[in-house]
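Trainee: Have a look at this one.
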Protein chains: 2
Amino acid sequence: MKKLMNAVDDVLTESLRGFGAAHADIVSVHFEPMFVTRKAGPKAGKVALLSGGGSGHEPMHAGFVGYGMLDAACPGQVFTSPTPDQMLAAAEAIDGGAGVLFIVKNYAGDVMNFEMAAEMSDGRIATVLTNDDVAVETSLHSQGRRGVAATVIVEKMVGAAAEKGADLDGCKALGERINAASGTMGVALTSCTVPAAGRPTFDIGENELEMGVGIHGEPGRRRVAMMSADAIAAETVGAICEDLKPGAGQEVLLLVNGMGGTPLLELYGMYDAARRQCEARGLSIARSLVGNYCTSLDMAGCSITLTKLDAELRSFWDAPVHTAALRWGM
Amino acid sequence: MKKLMNAVDDVLTESLRGFGAAHADIVSVHFEPMFVTRKAGPKAGKVALLSGGGSGHEPMHAGFVGYGMLDAACPGQVFTSPTPDQMLAAAEAIDGGAGVLFIVKNYAGDVMNFEMAAEMSDGRIATVLTNDDVAVETSLHSQGRRGVAATVIVEKMVGAAAEKGADLDGCKALGERINAASGTMGVALTSCTVPAAGRPTFDIGENELEMGVGIHGEPGRRRVAMMSADAIAAETVGAICEDLKPGAGQEVLLLVNGMGGTPLLELYGMYDAARRQCEARGLSIARSLVGNYCTSLDMAGCSITLTKLDAELRSFWDAPVHTAALRWGM
């Protein structure tokens with residue numbers, strides 16, 4: 001294993017310290033317990049959004065803390081859920097009196113710890129569970145489908161609604177609507193390597209691809225011989241459309257998300273392949289995002305996400321955002 | 001070689017087509033010859049900025065076309081200079097009557113072809129050469145130092161000056177001043193793989209690092225045993241400071257640039273290490289940028305860039321920008 005790091009045990013702390021220093025105009029990083037909040041502090045009367053999960057998916061979630069998106073993020077150790085004390089401390093720090101919405105990717109550890117934090121909290125808490133991964137029905141770390149890259153879209157759109165004054169029930173309902181309107185499927189060309197493990201999470205041959213891989217390197221649907229970008233796009237977009245059943249002419253947001261080790265040259269080629277698949281199915285791509293947003297350490301590969309849009313969701317997507325990883329309109 | 005692509009010969013065209021479709025609100029992509037311009041077209045009376053070079057360094061340069069930065073980019077084949085006809089067609093498309101500034105990384109092919117285009121052009125052309133790489137004095141593809149990640153900073157700051165009405169001579173002088181105020185050094189943990197070659201550009205051992213690597217996988221200063229982030233930061237920041245000789249308290253911009261295959265978790269850890277090296281030398285980090293900006297296909301590794309700032313350069317950095325890869329203030 002070769003990584004840009006010092007001691008394995010310090011990877012997360014040092015990365016988070018660097019993140020806080022590089023974006024000191026946007027975020028504050030807290031240690032013991034570990035969480036990231038907006039520099040600006042809580043906004044009275046606004047629903048506060050809190051997400052979190054194991055590290056290794058950067059920029060998710062800390063990179064999405066800031067105006068128009070999250071109020072706080074709780075990073076766990078690599079691929080390990082954060083603990084309820086992190087969530088409680090973060091929720092307390094950001095509560096502006098209108099309640100706190102937990103946005104939780106559907107993994108057993110995350111679900112359990114966020115539930116525990118919600119029960120222990122004195123504040124008003126609601127939870128949105130994301131489970132957009134259409135690849136498999138249950139997986140190593142989840143009961144039911146996994147929450148993956150559409151979580152970025154939920155955080156962006158609900159973040160915009162919260163800035164506009166939506167209440168806690170409204171934010172929860174909106175998050176659930178976006179999640180239901182979204183589907184994702186990913187592929188891996190290489191494994192990721194967890195620093196503490198020091199070796200690849202799984203073996204994969206020189207000419208193999210994992211179709212439907214999870215963001216922790218969990219198995220997908222099948223191991224196949226390496227496929228062309230067009231064939232990958234056909235299978236992933238096809239699987240998502242089977243799930244979402246979009247009507248002809250449906251407006252969609254198309255997200256081509258890199259897993260961390262794949263360069264933009266390839267991601268834009270993959271976007272072109274996915275775009276042609278969408279258009280062949282009569283979909284209208286109204287918004288696009290291409291880049292590394294929900295990663296899997298150094299894994300090579302990508303995921304494709306489609307979210308069915310309407311005028312309201314489109315306006316929430318377009319609304320100003322100012323975070324380390326997504327920024328527009330300000 | 002496993003890459004997200006269809007036929008090797010179509011990698012660049014398909015990637016560029018995807019780029020154009022994903023960012024149709026910002027850019028227009030032209031084929032035969034190949035170049036990328038702002039969607040908005042030329043702006044009368046503004047100096048137009050044109051850059052280009054071999055592909056494989058994305059988002060450089062096409063990702064920097066848009067308000068506040070470049071007017072056009074000419075992508076060559078992977079790691080191969082674009083041709084004079086591309087540059088001529090692009091220059092003609094963007095000339096708003098105030099002349100065109102070529103921003104050229106110092107590689108023999110780029111220098112020759114941009115010179116040829118300048119000679120063939122009927123318009124007013126000036127050129128800024130970037131050569132910020134402090135690692136080696138001459139290299140495989142260059143007479144003199146190589147132009148690398150500080151090119152992003154030149155494009156951003158001169159782009160801001162051009163929007164504010166600087167004339168062609170002023171833009172050229174500013175670009176040369178920023179280049180002289182900047183130094184970069186990079187490291188590689190793995191080789192990149194050029195699609196048409198199908199195999200890694202160079203061999204590197206399981207526990208080796210290339211110190212001072214170029215962005216095409218060219219050799220650096222030496223091949224060493226893998227080093228900690230702190231040791232890499234000490235050597236790279238040290239070499240840059242030997243070159244730039246910043247005074248105590250000097251304000252700097254610190255760019256930690258990923259080579260394409262290294263995830264943000266590591267880049268932020270590397271930022272933290274570089275930040276501590278800067279502070280130990282009495283430098284004041286006034287601005288920061290962390291991410292993949294001047295890449296080397298799928299290479300794992302990073303480069304560190306320092307640019308000495310003053311009030312004017314800081315204001316050019318902070319000015320609004322709206323491109324695919326850098327966006328703030330609008």
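Trainee: It is to be established whether one or more residues within region B:262-273 are at pLDDT 95 or above and under 16 Å from residue B:154 (Cβ atoms).
Mentor: So far as region B:262-273 goes, no, none of its residues is at pLDDT 95 or above and under 16 Å from residue B:154 (Cβ atoms).
Trainee: If you don't mind, there's one more thing I want to ask. Do we have residue A:284 as buried (at least 23 other Cβ atoms within 10 Å of the Cβ) and either touching a Phe, Trp or Tyr at 6+ places or on another chain (Cβ under 9 Å) or over 22 Å from residue B:196 (Cβ atoms) (or both) here? If you could, list the steps in order and put the result at the bottom.
Mentor: Details: buried (at least 23 other Cβ atoms within 10 Å of the Cβ): no; either touching a Phe, Trp or Tyr at 6+ places or on another chain (Cβ under 9 Å) or over 22 Å from residue B:196 (Cβ atoms) (or both): yes.
Spelling it out, it is not the case that residue A:284 is buried (at least 23 other Cβ atoms within 10 Å of the Cβ) and either touching a Phe, Trp or Tyr at 6+ places or on another chain (Cβ under 9 Å) or over 22 Å from residue B:196 (Cβ atoms) (or both).
Trainee: Would you tally the residues in region A:300-319 being under 19 Å from the mean Cα position of the chain (by Cα) and farther than 29 Å from residue A:191 by Cβ?
Mentor: If we filter region A:300-319 for residues that are under 19 Å from the mean Cα position of the chain (by Cα), which is where we start, we get A:300-309, A:313-314, A:316-319.
Narrowing the set further to residues that are farther than 29 Å from residue A:191 by Cβ leaves A:308-309, A:313-314, A:316-319.
Of the residues in region A:300-319, 8 are under 19 Å from the mean Cα position of the chain (by Cα) and farther than 29 Å from residue A:191 by Cβ.
Trainee: It is to be established whether one or more residues within region A:24-32 are within 14 Å of chain B (Cβ to nearest Cβ), polar (S, T, N, Q) and either in contact with a strand residue (DSSP E or B) (Cβ under 6 Å, 6 or more places away or on another chain) or over 29 Å from residue B:284 (Cα atoms) (or both).
Mentor: So the first thing to find is which residues in region A:24-32 are within 14 Å of chain B (Cβ to nearest Cβ), and the list is A:24-27, A:29, A:31.
Cutting the leftovers down to polar (S, T, N, Q) gives us none.
Looking through region A:24-32, none of the residues is within 14 Å of chain B (Cβ to nearest Cβ), polar (S, T, N, Q) and either in contact with a strand residue (DSSP E or B) (Cβ under 6 Å, 6 or more places away or on another chain) or over 29 Å from residue B:284 (Cα atoms) (or both).
Trainee: Residue B:201: more than 12 Å from chain A (Cβ to nearest Cβ), open to solvent by 10 Å² or more (accessible area, probe 1.4 Å) and at pLDDT 95 or above, yes or no? Before the answer, list the steps.
Mentor: Details: more than 12 Å from chain A (Cβ to nearest Cβ): yes; open to solvent by 10 Å² or more (accessible area, probe 1.4 Å): yes; at pLDDT 95 or above: yes.
It is true that residue B:201 is more than 12 Å from chain A (Cβ to nearest Cβ), open to solvent by 10 Å² or more (accessible area, probe 1.4 Å) and at pLDDT 95 or above.
Residues checked against (1) in the same structural domain as residue A:54 (by TED's automatic domain parsing); (2) farther than 22 Å from residue A:47 by Cα; (3) within 15 Å of the chain's Cα centre (by Cα):
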| residue | (1), (2), (3) |
| --- | --- |
| A:130 | yes, no, yes |
| A:140 | yes, yes, no |
| A:147 | yes, yes, yes |
| A:152 | yes, no, yes |
| A:160 | yes, no, no |
| A:164 | yes, no, no |
| A:168 | yes, no, no |
| A:171 | yes, no, no |
| A:177 | yes, no, no |
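Trainee: Evaluate region B:124-136: report whether one residue or more is open to solvent by 30 Å² or more (accessible area, probe 1.4 Å), farther than 24 Å from residue B:292 by Cα and part of a loop (DSSP other than H, G, I, E, B). Full working, then the answer.
Mentor: The first filter runs over region B:124-136 and keeps only residues open to solvent by 30 Å² or more (accessible area, probe 1.4 Å), leaving B:124-125, B:127, B:129, B:131.
Restricting the remaining residues to those that are farther than 24 Å from residue B:292 by Cα gives B:124-125, B:127.
With the extra rule that they be part of a loop (DSSP other than H, G, I, E, B), the set shrinks to B:124.
The answer is yes; a qualifying residue exists.
Trainee: If I filter region A:287-298 for residues that are out of contact with any strand residue (DSSP E or B) (no Cβ under 8 Å at 6 or more places or on another chain), more than 8 Å from chain B (Cβ to nearest Cβ) and in contact (Cβ under 8 Å) with a residue 24 or more places away in the chain, do I get at least one hit? So that I can check it myself, show each step before the final result.
Mentor: Pass one, region A:287-298, residues out of contact with any strand residue (DSSP E or B) (no Cβ under 8 Å at 6 or more places or on another chain): none.
No, region A:287-298 has no match at all.
Trainee: Moving to a separate point now. Quick one: which of B:276, B:314, B:281 is of a type outside the set (A, V, I, L, M) and closer than 26 Å to residue A:55 by Cβ?
Mentor: Working: B:314 fails: closer than 26 Å to residue A:55 by Cβ; B:281 fails: closer than 26 Å to residue A:55 by Cβ.
Testing whether each residue is of a type outside the set (A, V, I, L, M) and closer than 26 Å to residue A:55 by Cβ leaves just B:276.
Trainee: Residues of region A:137-165 being in contact (Cβ under 8 Å) with a residue 24 or more places away in the chain and open to solvent by 20 Å² or more (accessible area, probe 1.4 Å), which ones? First the steps, then the outcome.
Mentor: At the first step, the residues of region A:137-165 found to be in contact (Cβ under 8 Å) with a residue 24 or more places away in the chain are A:139-165.
A:139, A:140, A:141, A:143, A:144, A:145, A:163, A:164, A:165, listed by residue number.
Trainee: Let me ask something else. Just the residues that are open to solvent by 50 Å² or more (accessible area, probe 1.4 Å) and assigned to a strand (DSSP E or B), please, taken from region B:216-251.
Mentor: Selection gives B:222, B:223, B:225, B:251.
Trainee: In region A:37-51, is there at least one residue being at pLDDT 95 or above, out of contact with any His (no Cβ under 8 Å at 6 or more places or on another chain), closer than 24 Å to residue B:302 by Cβ and assigned by TED's automatic domain parsing to the domain that holds residue A:86?
Mentor: Looking through region A:37-51, none of the residues is at pLDDT 95 or above, out of contact with any His (no Cβ under 8 Å at 6 or more places or on another chain), closer than 24 Å to residue B:302 by Cβ and assigned by TED's automatic domain parsing to the domain that holds residue A:86.
Trainee: Let me ask another. Just need a number here: residues in region A:69-102 that are surrounded by fewer than 24 Cβ atoms within 10 Å (Cβ to Cβ) and small (Gly, Ala, Ser).
Mentor: Summing the residues that are surrounded by fewer than 24 Cβ atoms within 10 Å (Cβ to Cβ) and small (Gly, Ala, Ser) in region A:69-102 gives 7.
Trainee: Residue check, residue B:254 against (1) open to solvent by 10 Å² or more (accessible area, probe 1.4 Å); (2) part of a strand (DSSP E or B), all met but one. Which one?
Mentor: The failed condition is (1).
Trainee: Yes or no: region B:93-111 includes at least one residue that is under 23 Å from residue B:177 (Cβ atoms), more than 14 Å from every other protein chain (Cβ to nearest Cβ) and assigned to a helix (DSSP H, G or I). If you could, list the steps in order and put the result at the bottom.
Mentor: Our first condition is that a residue be under 23 Å from residue B:177 (Cβ atoms); within region B:93-111, this holds for B:98-107, B:110-111.
Next, from what is left, pick out any that are more than 14 Å from every other protein chain (Cβ to nearest Cβ): B:98-107, B:110-111.
Filter once more, keeping what is assigned to a helix (DSSP H, G or I): B:110-111.
Checked against the condition, which is being under 23 Å from residue B:177 (Cβ atoms), more than 14 Å from every other protein chain (Cβ to nearest Cβ) and assigned to a helix (DSSP H, G or I), region B:93-111 yields at least one hit.
Residues checked against (1) within 14 Å of chain A (Cβ to nearest Cβ); (2) closer than 23 Å to residue B:201 by Cα:
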site	(1), (2)
B:227	yes, yes
B:230	yes, no
B:251	no, no
B:255	yes, no
B:258	yes, yes
B:263	yes, yes
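Trainee: What residue, of B:294, B:278, is buried (at least 19 other Cβ atoms within 10 Å of the Cβ) and assigned to a loop (DSSP other than H, G, I, E, B)?
Mentor: Being buried (at least 19 other Cβ atoms within 10 Å of the Cβ) and assigned to a loop (DSSP other than H, G, I, E, B) holds for just one of B:294, B:278, which is B:294.
Trainee: Okay, next question. Which residues, counting only those in region A:166-180, are of a type in the set (Gly, Ala, Ser) and crowded, with 23+ Cβ neighbours inside 10 Å? Steps first, please.
Mentor: Filtering region A:166-180 down to residues of a type in the set (Gly, Ala, Ser) leaves A:166, A:170, A:173, A:175, A:180.
Correct list: A:175 only.
Trainee: Only one residue in A:53, A:45, A:63 is away from chain B (no Cβ under 12 Å), open to solvent by less than 10 Å² (accessible area, probe 1.4 Å) and touching a residue at least 24 places away in the same chain (Cβ under 8 Å). Which one?
Mentor: Details: A:45 fails: open to solvent by less than 10 Å² (accessible area, probe 1.4 Å); A:63 fails: away from chain B (no Cβ under 12 Å).
Exactly one of A:53, A:45, A:63 is away from chain B (no Cβ under 12 Å), open to solvent by less than 10 Å² (accessible area, probe 1.4 Å) and touching a residue at least 24 places away in the same chain (Cβ under 8 Å), namely A:53.
Trainee: Would you check if residue B:212 is open to solvent by less than 50 Å² (accessible area, probe 1.4 Å) and outside the structural domain of residue B:134 (by TED's automatic domain parsing)?
Mentor: Numbers: open to solvent by less than 50 Å² (accessible area, probe 1.4 Å): yes; outside the structural domain of residue B:134 (by TED's automatic domain parsing): yes.
For residue B:212, the condition - open to solvent by less than 50 Å² (accessible area, probe 1.4 Å) and outside the structural domain of residue B:134 (by TED's automatic domain parsing) - is met.
Trainee: Still on this structure, I have one more. Would you tally the residues in region A:302-321 being more than 8 Å from chain B (Cβ to nearest Cβ) and in a strand (DSSP E or B)?
Mentor: Narrowing region A:302-321 to residues more than 8 Å from chain B (Cβ to nearest Cβ): A:303-321.
Next cut, in a strand (DSSP E or B) only: A:303-308, A:321.
Counting residues in region A:302-321 that are more than 8 Å from chain B (Cβ to nearest Cβ) and in a strand (DSSP E or B) gives 7.
Trainee: Take region B:114-123 and flag every residue that is open to solvent by 20 Å² or more (accessible area, probe 1.4 Å) and not acidic (Asp, Glu). So that I can check it myself, show each step before the final result.
Mentor: Going through region B:114-123, the residues open to solvent by 20 Å² or more (accessible area, probe 1.4 Å) turn out to be B:115-116, B:118-123.
Of everything in region B:114-123, those that are open to solvent by 20 Å² or more (accessible area, probe 1.4 Å) and not acidic (Asp, Glu) turn out to be B:116, B:118, B:120, B:121, B:123.
Trainee: I've got another one for you. Return only the number of the condition from (1) in contact with a Leu (Cβ under 6 Å, 6 or more places away or on another chain); (2) within 7 Å of chain A (Cβ to nearest Cβ) that residue B:17 does not satisfy.
Mentor: Of the numbered conditions (1) in contact with a Leu (Cβ under 6 Å, 6 or more places away or on another chain); (2) within 7 Å of chain A (Cβ to nearest Cβ), the odd one out for residue B:17 is (1).
The values are calculated or read from the model by the stated rules, or taken from the named source; none is laboratory data. Computed from a predicted structure; not experimentally measured. Glycine also receives a Cβ, built like all others from the backbone with ideal geometry; neighbour counts cover every protein chain displayed. Heads up: the accessible areas ignore ligands, DNA and RNA and are worked out on the full protein's heavy atoms, side chains in. Shrake-Rupley method; radii C 1.70, N 1.55, O 1.52, S 1.80 Å.
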